[in-house]
Amino acid sequence: MSVITEKLELFEVFIRSKRGLDHKHVGSLHAEDHEQALEYARDCYTRRSEGVSIWVVKSSDICASQEDDADSFYDPNDDKPYRHATYYVLPDPVNNM
Amino acid sequence: MTPEEQNFMRKIEAEEKIEPKDWMPEQYRKNLIRQISQHAHSEVIGMQPEGNYITRAPSLRRKAVLISKVQDEAGHGLYLYSAAETLGISRSEMIEQLQSGKAKYSSIFNYPVLTWADVAAIGWLVDGAAIVNQVSLQRTSYGPYSRGMIRICKEESFHQRQGYEAMLSLAKGSPEQKAMAQDALNRFYWPALMMFGPHDSESAHSQKSMEWKIKRETNDDLRQKFVDQTVKQIEVLGLDHPDKAIKWNEERGHYDSSDLNWDEFWSVINGNGHCNRQRVEHHIAAHDEGEWVRDAITAYNEKKRAKKAQQAA
């Protein structure tokens, strides 16, 4: 049995729920091309007015960091607590800055 | 009004954001490009006075903090240039406008930074004033600018706090250190107030920008906010307020203060501050000296592409 999805590209779908907000990843789908992916995304992911704008991106075009790399990727930040506002202890009367 | 203009104004009035692919009046686009690129240039030029002090910061801790802050400023410049690019101007056009003097940056960076206390005062007062402005701009009508501001505000709060902390150490230190802190406050207080721009009545771009909600609060209102919040901060430091006329006005619910030296303001804006030429010259030199890095990146990418093409063949 031929599975149609194997012949179709995988797309990641991003939806902007409201003007002014970021597009947020909501899921993925198979489609022939960008136009079709956009239509499918509309039919599938915005049936209840979830969005005002959709982005579709080929999954193969996404370059992602690897879970296993997290240590070397993010670790160095652990010894830089001074990047956080809470690191600086200020007298109470001016502590709201 | 055309239907497009009506639709645009309807969004503005309903507090909806304008996004890059929406129709917008040409002047709205122009005002935004001017404001956002000026903001980006300020972040980038602002790295110069602080960068100068990384080797001279008084302890390893202060150096590490300063490096982090300068790193953040570079990042903020990037967010803002990218936001401006969504409006159809290229990065190189913006850099060209900065270097030719066509585009401005915050005039505060044209004041010389003479001592370590100045660096502390910059974190506290200059970043403090910038935050007042940026908090207000989180509600700007242009989506990418608004999102950039939200991100920047989140990162910026440490900048002001580290500056105030450094100031506090000096103010509570030896008499010489305290005098240094007072001197820095005296010199940076006024230019920090000028960061909010001219009086509303003198501001060329303000009215339209307010109408379009690019700006959400007027220069004078934002400046008043900063004046009000700074009084207590000076008191806690135990320093003298540089404005002898500062006085609580019960009726207004705000502090009354002296008017600023507007001749100085316009003179610095128009290129005659202490450091105007030096800042732009340094930017041009750094840009030119970085040419080989950009060339190397291009050459490496070409090499990689050729290698990939060979493998595919």
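The values are calculated or read from the model by the stated rules, or taken from the named source; none is laboratory data. In this text, all values refer to a predicted model and were calculated from it rather than measured experimentally. Note: ideal-geometry Cβ built from the backbone for every residue, glycine included; neighbour counts use all protein chains shown.
Tabulated values for the structure
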{"read-out": "Residue match in segment A:16-26 (condition: outside any loop (DSSP other than H, G, I, E, B) and surrounded by fewer than 15 Cβ atoms within 10 Å (Cβ to Cβ))", "value": "yes"}
{"read-out": "Selected residue (only one of A:Tyr40, A:Tyr87, A:Tyr45 is over 28 Å from B:Pro20 (Cα atoms), surrounded by 12 or more Cβ atoms within 10 Å (Cβ to Cβ) and at pLDDT 90 or above)", "value": "A:Tyr87"}
{"read-out": "Some residue of segment B:247-265 being in a helix (DSSP H, G or I), surrounded by 15 or more Cβ atoms within 10 Å (Cβ to Cβ) and touching a helix residue (DSSP H, G or I) at 6+ places or on another chain (Cβ under 7 Å)", "value": "yes"}
{"read-out": "Residue within segment A:9-24 that is of a type in the set (D, E, K, R) and either within 30 Å of B:Val65 (Cα to Cα) or away from chain B (no Cβ under 14 Å) (or both) present", "value": "yes"}
{"read-out": "Cβ pairs under 7 Å, 6+ apart, first in segment A:55-84 and assigned to a loop (DSSP other than H, G, I, E, B), second at pLDDT 75 or above and of a type in the set (A, V, I, L, M, F, W, C)", "value": "A:His84/B:Phe158"}
{"read-out": "Filter result (buried (at least 16 other Cβ atoms within 10 Å of the Cβ) and away from chain A (no Cβ under 14 Å)) within segment B:1-24", "value": "none"}
{"read-out": "Counted residues, segment B:137-147 - those being more than 11 Å from chain A (Cβ to nearest Cβ) and within 25 Å of A:Tyr87 (Cα to Cα)", "value": "0"}
{"read-out": "Counted residues, segment B:209-258 - those being touching a Phe, Trp or Tyr at 6+ places or on another chain (Cβ under 6 Å), farther than 26 Å from B:Asp183 by Cα and within 14 Å of chain A (Cβ to nearest Cβ)", "value": "0"}
{"read-out": "Flag for B:Gly173 being surrounded by fewer than 20 Cβ atoms within 10 Å (Cβ to Cβ) and touching a residue at least 60 places away in the same chain (Cβ under 8 Å)", "value": "no"}
{"read-out": "Residue within segment B:104-114 that is in a loop (DSSP other than H, G, I, E, B), buried (at least 18 other Cβ atoms within 10 Å of the Cβ), more than 14 Å from chain A (Cβ to nearest Cβ) and of a type outside the set (Ser, Thr, Tyr) present", "value": "yes"}
